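The values are calculated or read from the model by the stated rules, or taken from the named source; none is laboratory data. Note that the structure is predicted; figures quoted are calculated from it, not measured. Counting neighbours? That spans all protein chains shown, and the Cβs are built from the backbone with ideal geometry, glycine included.
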Amino acid sequence: MDEIRLFNEYRDVEKYVEVVRQASDRNRISLGFLPATVFADYARRGRLWIAATKSGEYLGHLLFDRKFPKATIVQMYCAEQSRRVGVATKLVTALKDSLTRDGYLSIKAGVAEDLESSNEFWERQGFYIQTRKAGGVTTGRTILVRVHELNTPQLFSRSALALSGEDSLGLSSVASAAPPLYLVDLNILFDVVKRRPQHDAAARLFRAAHSGECRLSISDEMQRELHRESANPSTDPMLCLIDSLPNVKLPSSAAVESLIEDISKIAFPEKKYPAQLSKNDLSDVKHVATAISCGLTGLITRDARLLRVSGVMESRYGIQIVAPTDFGLTELIAERSLDLDVGNGRRVVLSAYAEADDEPVRDLLLQHAVAAHEVVSFWLPQGTSDQVVTRLVAKVDGSVAGYVLWSRFEPGTKLVRIRAVVDEQLEEASNIGALMLGVAKESSARSGLSLLNLNVPERQSNLREVAYRLGFRTTERPGWMAKIAAGTLVRKSAWMSFRESLQEVGGVVLPEVAPDWVSHRQQIQLGGSDGERRYMRIDALEALLSPVLLGLAGRPAVIVPIQPQYAEPLLGHSRQMSLAPKMRSEVASGRLYLADPKCLGRYTKGGLLLFYESGSSGEKAIVAVARVVDTFLINGDDVSEESLAGSVLGVRGLAGIGSAKNKSACVFDNVVVMKRPVSLNHLRKIGIRDSSLVTTRKVTDEQLESILDEGF
């Protein structure tokens, strides 16, 4: 056979369109039926690829859809004379390469279960079975939905001055950082071995180290000293524990001697160095010097004198001096379960992990390609208390359907490690994943600007797509994704402080001066943590830092009224700790605000929605702000429950928001709750009348600035 050539440009593919249509029609049983117009349409859009000989003889074709971040193979066909010579492999390989270059995450293909040779081919190509579904009524077939996950690094800029909405600000270097390494002093070890009063806190440290949350080490000097003083080194349990820890040695140099003297003056200002320092004093000082000179994160100690000067040490040397009790969760988690309606009469319950969940969660992890040793060490570490990690389980009809755990263990850290898995065979898999990751993201953002590292096992394409929608991007570490969660609205007056915090947490550098608003598509220049410059659209930046909103001068905004019974389910703004709203609106791609059709022209894409909680039982205040994603008109004659998935209203509830049959729909996202509700009295002071708060109304730049200053 002649050399196999591939064509994907319309000028080359056009002449094969009729040949492809005829081949498809002749093989309807295996390929399914497609209208004749489909082939020409796909060819024009570059979605029909042809394999041919060098002389132009048709060998086969590939028909596919691209909808970022995944592609779907619609048809794959090889002519009889060209089978088993590499035509299909060449087409699929070319598609994989093209999608990888463009930053796609996965490819899906539906294959009839009874087509054995086809299934063997897709298996060889790395397409695993994600789920099974019923085929057409006439065929009675079962379709295997197969997925191939692409090895797509998205944290690297395509050029030194990149223009890419899919770029992730070069977070790779900070997102791939190893767990922090601490030096522990002798008392911490005695707390563990001898079960002293601080045993629980010290034991929690060691559990966290075994789970990969942090790393612990011992100084070379302490190890040698204990060996010298031990009565029986071969059986001393303390020495056995110490010898199992990494050993860190204090360098010997004039610079280190000077460092020891400086530390002594800070920790023991009342004592003359070295004459008045006791042996223990000098040992403590050397421990601090060891941590500093070896580049460790810090020293863990119960010594009150060292802890007293921890702030000075951190500002001067960038080192933490912390007590074991300083470690633990910083997020507040609600004790109650979440009961989420995902449609079709099905409900997902998300609740705290319990001992009874061990076996079903273990089975879920093993079924989704998590290695057994990783299950026990990272995913289900036995004996790890809830003070080390937060663990939640999602159940459908009482059966485990998903599992998520996260931690922000070390003191003062901005890094949150998240691990998640979901049963991909369930119809509700995407909704379950969105709920779990949304809860983890919301919880992390409540503690301020955070860097989120997400670990997703193999064969979790749905979960990766959900994570992408939430602003996560892949890193060079296989299985890991990353994002920054800001959890705030950035006012113009707070621009510089936010800029400094963002640079500290993720290495991302915003412009020194906040730009004025032009549109959601406007590009702003950024510096990434990889040192590269790039331009990024404002809407893409807000997605990657979500939840966050940029309160730029000139950004359009409207106040929209919302009744109390709808406000909490739609916005989740209650000042009582809530993991997430309990409605499908929370896991929809965009939440939906419905109003009178006359309001449609008052929204601006990319503008701000200021939610005013109205009614006699409401706050009578602006309680939250969000971003307008899209607007459209809902025809009352065509409305369905599915079309209202992002709303808190069903079809029957539409009558409660006005008599007009049609409704204006505003899709919004990036909800940020006001730190302080902006009261009706304040709104009156800036010229907003009570009567205007019963419908959607625009606000001036001056009014918006005043509202944001008051609310944040």
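Below is a table of values for the structure above.
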| quantity | calculated |
| --- | --- |
| Residue identified as modelled with pLDDT under 85 and of a type in the set (Ser, Thr, Tyr) among Ser497, Ser529, Ser519 | Ser529 |
| Hits in the range 597-612 (condition: under 23 Å from Ser679 (Cα atoms) and in contact with a Pro (Cβ under 6 Å, 6 or more places away or on another chain)) | Gly607, Tyr612 |
| Residue satisfying condition, being at pLDDT 85 or above and surrounded by 17 or more Cβ atoms within 10 Å (Cβ to Cβ), within set Lys271, Lys279, Lys286 | Lys286 |
| Filter result (crowded, with 16+ Cβ neighbours inside 10 Å and assigned to a helix (DSSP H, G or I)) within the range 222-237 | Met222, Gln223, Leu226 |
| Any hit, the range 562-573, residues being within 26 Å of Arg697 (Cα to Cα), small (Gly, Ala, Ser), part of a helix (DSSP H, G or I) and in contact (Cβ under 8 Å) with a residue 12 or more places away in the chain | yes |
| Members of the range 27-65 that are of a type in the set (D, E, K, R) and either modelled with pLDDT of 90 or more or touching a Lys or Arg at 6+ places or on another chain (Cβ under 7 Å) (or both) | Arg47, Lys54, Glu57, Asp65 |
| Answer residue from the range 397-416, given it is over 18 Å from the mean Cα position of the chain (by Cα) and at pLDDT 90 or above and is nearest to Ala482 (Cα to Cα) among those | Ala401 |
| Residue in the range 41-63 that is under 21 Å from Arg141 (Cβ atoms) and crowded, with 17+ Cβ neighbours inside 10 Å present | yes |
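Here's the yes/no breakdown for (1) polar (S, T, N, Q); (2) modelled with pLDDT under 85; (3) assigned to a strand (DSSP E or B):
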{"position": "Met76", "(1), (2), (3)": "no, no, yes"}
{"position": "Gln81", "(1), (2), (3)": "yes, yes, no"}
{"position": "Asp97", "(1), (2), (3)": "no, no, no"}
{"position": "Ile107", "(1), (2), (3)": "no, no, yes"}
{"position": "Gln130", "(1), (2), (3)": "yes, yes, yes"}
{"position": "Gly136", "(1), (2), (3)": "no, yes, no"}
{"position": "Ile143", "(1), (2), (3)": "no, no, yes"}
{"position": "Arg146", "(1), (2), (3)": "no, no, yes"}
{"position": "Asn151", "(1), (2), (3)": "yes, yes, no"}
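Condition check ((1) of a type in the set (Ser, Thr, Tyr); (2) surrounded by 22 or more Cβ atoms within 10 Å (Cβ to Cβ); (3) part of a strand (DSSP E or B); (4) more than 9 Å from the chain's Cα centre (by Cα)) across all residues:
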| position | (1), (2), (3), (4) |
| --- | --- |
| Arg419 | no, yes, yes, yes |
| Glu427 | no, no, no, yes |
| Leu437 | no, yes, no, no |
| Asn462 | no, yes, no, yes |
